[in-house]
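S.K.: Would you mind keeping the following structure in view while I ask a few things?
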Amino acid sequence: MILRQLRDTDEDAEAAWEVMAAAFGDAAALAGEERWPPAYVAEVHERNRHLARTDPGGCWLALDETGMPLGVTLSTRREGTWGLSMFAVLPRAQRQGVGRELLAAALMYGRGCLRGIICGSEDPRAASTYRRAGFALHPAMRLRGTVGPETKERLSPPDGAVHEGVARHRDLLDSVDRRTRGGAHGADHELLLTQRRLLVVDDLAGSGYCYVGADGKVEMLAATSRRLAKRLLTAALLCLPEGTDARVPGLTAEQQWAVDVGLEAGLELSTGGYVCLRGMPPPAPYIPSGTFL
């Protein structure tokens, strides 16, 4: 097996995608996800290249003797907070030490970081691996449901102003990041602004933001109070077109404010994986991004 850094090229982004698709394809089908829409594939390629560019020391590709990809890991460092963005191994290469070597390389990149965060799947082997690496496992919940007229009738309007976010809000975003998770996302916001709709609150009561995807996924919501977090999530659900499959994953027990908003909107609540943390309590009010944590 050959282990080398992931490069900021179309070829390496495609190699990382091939491993991910093979490793998680069955799980996606079982969860009822649409099987890899082209827009989603293009978005993942862009994110893979972004991380290879910003964190070359944390992004690794495992290859066999012929140069075919076996596994991939993508990790980031953001102001003392380390995150594992992707960790996947081809089914045929599992239980052969490939995953162990990849994870060791990613963890080495985070050596010296005070905090660590992983959005882990329900796979018991992954949970065991992260626990052995020193992470506390916080069972996660997720909200999901189709947005319809009745959804918007159930939800009370936001209790204050919510604005469209733009690039000039970057300092606000980084400031809220530092207060909630201990480290700003920095350049990640530049990419997310091109892929997601950004909603922002900023008044005398505090500030916050969240990203909303065209596919209905709400991710990376951070605020300085639960009241502002509820305002943001309410606005995010209300802005979705009717018929959209709304999804809010990665909720720990500390995010009851989000559970309340989701249940009021008629979304279904279920369990889903773990938010794995090291050196930090569960950020709150906060909803992580699976990629940018």
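S.K.: Using the Cα centre as the reference, give the magnitude of the dipole from point charges on the C-beta atoms of the chain (Lys, Arg: +1; Asp, Glu: -1; all else neutral), rounded to the nearest 20 debye.
M.R.: 1040 debye
S.K.: Here's something else I'd like to know. Nearest 500 deg cm²/dmol is fine: what mean residue ellipticity at 222 nm does the chain get from its DSSP H runs of n ≥ 4 alone, each adding -39,500 (n - 2.57), divided by its residue count?
M.R.: Computed mean residue ellipticity for the chain: -11500 deg cm²/dmol.
S.K.: While we're looking at this one, here's another question. Which residues' amide hydrogens lie under 5 Å from the amide hydrogen of Trp82, considering only partners 5 or more residues apart or on another chain, with H built in the peptide plane?
M.R.: So Trp82 has HN proximity to Arg115, Gly116, Ile117.
S.K.: Ok, one more. What is the magnitude of the charge dipole of region 139-285 about its Cα centre, with +1 placed on the Cβ of each Lys and Arg, -1 on the Cβ of each Asp and Glu, and no other charges, expressed in debye to the nearest 20?
M.R.: I would put it at about 320 debye.
S.K.: Heavy atoms only, probe 1.4 angstrom, no DNA, RNA or ligands counted: give me Met220, Met141, Met1 ranked by accessible area, highest first.
M.R.: Met1, Met141, Met220
S.K.: Could you give me the ³J(HN,Hα) list for region 157-168, computed from phi with Karplus coefficients 6.51, -1.76, 1.60 and θ = phi - 60°, whole Hz, x at Gly and Pro?
M.R.: Each residue of region 157-168 in turn: x, x, 7, x, 6, 10, 10, 6, x, 9, 4, 5 Hz.
S.K.: At a threshold of 8 angstrom on Cα-Cα distance, excluding pairs fewer than six apart, so keeping six or more, what relative contact order does the chain reach in percent?
M.R.: Normalised by residue count, the contact order of the chain is 21 percent.
S.K.: Take each of the peptides 240-246, 69-75, average the number of other beta-carbon atoms within 10 Å over its residues, and list them starting from the highest.
M.R.: Highest mean packing first, the order is 69-75, 240-246.
S.K.: Roll a 1.4 Å probe over the protein chains and send me the accessible area per residue for the chain in Å².
M.R.: Counting only protein heavy atoms, the per-residue value for the chain is 45 Å².
S.K.: As an exercise, identify the GluC sites (Glu not before Pro) in region 80-173 lying in DSSP coil whose Cβ has no more than 14 other Cβ atoms within 10 Å.
M.R.: Those that pass, being in a loop and sparsely packed, are Glu122.
S.K.: Once a ≥ b ≥ c are taken as the square roots of the eigenvalues of the Cα gyration tensor of region 1-131, is the result rounded (a/c under 1.5), prolate (a/b larger than b/c) or oblate (a/b not larger than b/c)?
M.R.: rounded
S.K.: Which label marks the calculated value of Cα Rg over 2.2 N^0.38 Å, given the options [x] 1.03; [y] 0.98; [z] 1.22?
M.R.: [y]
S.K.: At 1.4 Å probe size, with the rest of the protein present, what percent of the exposed accessible area of the chain is carbon and sulfur atoms?
M.R.: Carbon-and-sulfur percentage of accessible area, whole number: 52.
The values are calculated or read from the model by the stated rules, or taken from the named source; none is laboratory data. Small disclaimer: the values here were computed from a predicted structure and weren't measured. No Cβ is skipped: glycine too gets one built from the backbone with ideal geometry, and neighbour counts run over all protein chains shown. The protein model used for the area step is the full one, side chains on, heavy atoms only, and it has no ligands, DNA or RNA in it. Shrake-Rupley method; radii C 1.70, N 1.55, O 1.52, S 1.80 Å.
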